[in-house]
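These notes concern the structure reproduced below.
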Amino acid sequence: MPYRTHVGLSRRAIFARDGWRCAYCRGPAQTIDHVFPRSRGGMHAWENVVAACAKCNHTKGDKTPAELGWRLHGGVPAAPKGQAWRVLGHRLPDPRWADWLDIPMPEAEAAA
Ligand SMILES: [Zn+2]
């Protein structure tokens, strides 16, 4: 692994966090997608991975959801919280995500 990842970041854990649903179409997920593609500098971290179906993952390729006009149904990807999970801390979402997230973000409001 070329990158250090959070403890507990695993394929199974990502699926569990996202309810085994594709973050883009809410269909059954079979794959893990890097929201901001790794080929373009995206991190392999909780905040940049989502469960995705094979079709969406294939269609998305190395594009960002913003470039495709897609939205993340689950909101900002984050490390899972709760007693069942190891507490990994919380970071503010990447401002670049404001383009395709439905939630308000201070950076986006300031830029608008
Ligand atoms: Zn999908």
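Things to note:
- Ordered by 1.4 Å accessible area with all protein chains kept, Trp70, Trp46, Trp20 run largest first as Trp20, Trp70, Trp46.
- For Arg21, the residues whose modelled amide H falls within less than 5 Å of its own, excluding neighbours fewer than 5 places apart on the same chain, are Ala29.
- Evaluated with a Cβ-only charge set (Lys, Arg +1; Asp, Glu -1), region 12-75 carries a dipole of roughly 120 debye about its Cα centre, given to the nearest 20.
The values are calculated or read from the model by the stated rules, or taken from the named source; none is laboratory data. A quick note: this is a predicted structure, and the numbers were derived from the prediction, not measured. Cβ atoms come from the backbone with ideal geometry, glycine included; neighbour counts cover every protein chain shown. The accessibility values were calculated without ligands, DNA or RNA, using every heavy atom of the protein model including side chains. Shrake-Rupley method; radii C 1.70, N 1.55, O 1.52, S 1.80 Å.
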